[in-house]
1. Rounded, prolate or oblate: pick one for the stretch 171-244, where a ≥ b ≥ c are the square roots of the eigenvalues of its C-alpha gyration tensor, a/c under 1.5 means rounded, and failing that, prolate if a/b is larger than b/c, else oblate.
2. Stretched out fully, how many nm does the piece from Asn81 to Glu413 gain, at 0.36 nm a residue minus the Cα gap?
3. What is the gain in length, in nm to one decimal, between Asp177 and Ala130 on full extension, counting 0.36 nm per residue of separation less the C-alpha to C-alpha distance?
4. Would you work out if the stretch 274-352 is rounded, prolate or oblate? Take a ≥ b ≥ c from the square roots of the eigenvalues of the alpha-carbon gyration tensor; rounded if a/c is under 1.5, else prolate when a/b is larger than b/c, oblate otherwise.
5. Can you compute the FRET efficiency between Gln506 and Thr421 using 1/(1 + (r/R0)^6), with r the Cβ-Cβ distance and R0 = 41 Å? Round to the nearest 0.05.
6. Which FRET efficiency value, to the nearest 0.05, do you get for Trp470 and Ser165 by plugging their Cβ-Cβ distance into 1/(1 + (r/R0)^6) with R0 = 30 Å?
7. Return the loop-located trypsin sites (Lys or Arg not before Pro) in the stretch 160-255 (DSSP other than H, G, I, E, B) with at most 14 other Cβ atoms within 10 Å of their own Cβ; answer none if there are none.
8. May I ask which of Lys441/Lys462; Lys198/Lys477; Lys42/Lys251; Lys497/Lys556 have a Cα-Cα span longer than 23 Å here?
Amino acid sequence: MKKLYYNIVYAICVIAGFSACSDFLVIEPQNEIIFDKFWNEKADVEAIIAGCYSGLQEEGVIKRMMVWGEFRSDNIGPGSNVQSDGNLEKLLKENIDAKNTYTDWRDFYSVINRCNTVIKYAPDVAANDAAYTQSELQANIAEMVAIRSLCYFYLIRAFRDVPFSREAYTDDDQTMDLPATKFNAVLDSLIYDLEGVKGYAVKRYPENKELYQTGRITQDFIHALLCELYLWKKDYQNCIKYADLVIDSKKLIYEENRQKRTSTVSTNNDIDRFNGFPLVSNSRQTNWYGDAYTTLFGRDNRNTDEVNQEIIFQLIFSDDPNGTGMIANGAVNSFYGNQRSSTGLVAPSDYIYSQIEATQNRKVYADKNKMWDARIYINHTYRGSSSSSSNKGIHKYTTRTIDISASGGTAPEASYDTKYTENQNGSNWIIYRLSDIMLLKAEALTQMVQEGEDAEASDYNKSLLDRAFWLVNAVNKRSICQTLLQDTLVRSNYSNKGDMENLVLQERQRELMFEGKRWFDLVRVSQRNGNTNILKEAALQKATTGSGLISNHLSKMDAIYWPYNLDEIKVNKNLVQNPAFSSGEDESYKKTTKN
C-alpha cells in the first residue's frame with residue numbers, strides 16, 4: 001500500500017527551479033531518518049519543502065494535470081504517433097477503464113504525504129532550533145497546507161470522492177487503506193484548512209529571490225485557490241471576495257511597476273485599455289502583436305515585472321537542464337511537441353482546427369476579418385489557405401515567441417519561433433494567472449442572478465451581468481490585434497443569465513486553451529446544473545466514431561469522473577469503483593459500487 005500511495009523520496013537540495021543543485025539524498029529507512037538523523041534544524045525542513053515543490057514538477061504530476069483537466073474535452077485530439085501510448089489513445093476516444101495508467105494518482109499522494117510530514121515535524125524543529133523562527137514556521141506550514149490542498153483539489157475534480165487524510169504516513173505499521181471521502185466533505189476541509197493559514201503565508205518574496213515571486217506559494221495563490229474552491233462550493237460571495245483580493249494585489253504590483261518606470265514595463269495606458277485590470281500588454285509596437293504570449297508562456301516568462309503582475313503561481317522549468325541543474329518540462333515536450341516532432345502525442349481536435357480555419361459562424365473564436373484573436377496558438381495560416389492537416393501542432397508552451405503582423409487592415413499573419421529542442425522544453429507550467437481569476441469571478445457573478453422581473457430584481461441582475469461582462473470584455477480585448485482597442489463583444493448580445501454564462505464559458509475556453517482547465521470547467525458546470533448536457537455536447541464535437549456510445553456514456557454523471565486505478569482497488573479494499581467504468585480486469589462492464 002505504501003508503494004502504491006506514497007512512494008516517499010525526499011529531495012535534500014533546494015528545489016529544482018530555485019537552485020542549480022541536483023543531488024538527492026540516498027534514503028535510509030524513514031524511522032531512522034526522522035528520529036535519529038533528521039528534523040533537527042531549519043535546513044532539514046527547507047529540504048523537505050524543496051521536495052514538495054520538486055514533487056509537483058514530476059512528469060507524472062504535470063501529465064495528469066494536463067490529462068485530467070483538458071484531454072477529454074473538445075480542445076484535444078490525437079497527434080503524431082499517439083498509438084505509441086495506448087492508454088492516451090484510448091482516453092482520447094473516451095474508452096477508459098481502470099487499467100488506464102492515467103488513473104494512477106500515486107505521485108499526487110506522494111506530494112501530499114511530504115506536506116503532511118513537514119506539518120507534523122516542523123514544529124519540533126522550531127522548538128529546538130533558535131534560527132527557525134515562529135513566523136517562518138507558520139509561513140512554511142501555510143505553504144504546505146496550500147500545496148496539499150492543490151493536490152487534493154486536482155484529485156477530487158478528477159475522481160470526485162478520494163481518500164483524504166491530514167496524517168503523515170512514516171511508519172509501515174500505519175493503516176493506509178482509507179475509504180474515499182465524499183467530494184463535498186473534502187472540498188469543505190480544504191477551505192477550512194486554507195482559511196486557517198492564509199494570514200501566515202508570505203505576501204511577497206524579496207526581489208532578489210527571482211524565481212520565488214511566482215514559483216513559490218504566496219497569499220495571492222491561497223486567495224486564488226480559495227476563489228476557485230468557493231466557486232465549486234457554490235458560495236459565490238466568497239468566490240468574489242477572494243477574486244477581488246487577488247485583483248487588488250495585482251493592481252498594486254502594477255502601480256509599483258509603473259512608478260519604477262523600468263524598461264520591462266509598458267509605458268502605454270494598458271490598464272485603462274483593459275477596463276482597469278493590469279493585464280500584460282499584447283502589443284508594444286504598432287501593428288505587431290503577441291507580446292502577451294511571450295511574457296506569459298515564452299521567452300520572457302521568468303522574473304520580470306510584467307510576469308509578477310499577472311502570473312500568480314507556476315511550476316518552474318529550464319531549457320538547459322544540463323547547464324542549470326533544473327529540470328525541463330518533459331510533459332509538454334511529450335504531449336505538445338518539440339523541434340524534432342512539431343506535433344506531439346496530442347494536437348488540437350479537428351473541431352478546434354476547423355473552427356480556426358472557418359471563415360464564418362465560428363463558435364470558439366470570432367469570425368475572421370472582423371476582430372482577430374491573437375490566442376490561436378496552433379499551426380495554421382491566417383490568410384485563408386489551409387495548412388497541412390498532418391502538422392496541427394500546439395504552439396502554446398512549446399515556443400518562445402509568437403509575432404503577429406496585422407498592418408493595413410489585412411488579416412493577421414503569425415510567425416512562430418522554433419519549438420524547444422527535444423527534452424529541453426523550458427516553459428513554466430502556470431497554475432493560476434490573473435485572467436483566470438477574473439473569469440472565475442465573472443462566472444460567480446452570473447450565478448448570483450435572481451429570478452423575478454420586477455424593477456428591483458431587474459436592476460440587481462443588470463448590475464451583476466454588467467460586472468461579469470466588464471471582466472470578460474477586458475480579457476477578450478487584450479487578445480485583439482488592433483492598435484485602437486475596440487470592444488469585440490457587445491453587451492446587448494448577452495442580456496440574460498444563460499447568455500452571459502455561455503459567454504464566460506466560451507471566454508475561458510479561448511483564454512485558457514491547452515492549460516489544463518477546460519474539462520474541469522465542464523465538470524463544474526455539470527455539477528451545478530445537475531446534468532451533463534453542456535459537457536456531453538462539447539465532448540461530442542471531436543468524436544469521429546462511436547458518437548452514440550460516447551453520448552450514452554457521458555449522459556451519466558458518474559462518467560464525467562475517472563475510475564480508480566485497478567491496482568489501487570486491489571490493495572485498498574475500502575475503495576468502491578466508479579460504476580460508470582469497467583473493472584479493467586476484462587472488457588465487460590461490472591457494477592462494483594455499493595448502494
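1. The shape class here is oblate.
2. Taking Asn81 through Glu413 to full extension adds about 116.6 nm, to one decimal.
3. 13.1 nm
4. oblate
5. So the FRET efficiency works out to roughly 0.70.
6. 0.10
7. In loop regions of the stretch 160-255 (DSSP not H, G, I, E or B), the sparsely surrounded trypsin sites (Lys or Arg not before Pro) are Arg166, Lys182, Lys203, Lys209, Lys234.
8. Checking Cα-Cα distances, Lys198/Lys477; Lys42/Lys251; Lys497/Lys556 exceed 23 Å.
The values are calculated or read from the model by the stated rules, or taken from the named source; none is laboratory data. Everything quoted here is computed from the prediction, not taken from an experiment. Positions of Cβ are generated from backbone atoms using ideal geometry, with glycine treated the same way; all protein chains shown enter the neighbour counts. Please note that ligands, DNA and RNA were not included when accessible areas were found on the heavy atoms of the full protein model with its side chains. Shrake-Rupley method; radii C 1.70, N 1.55, O 1.52, S 1.80 Å.
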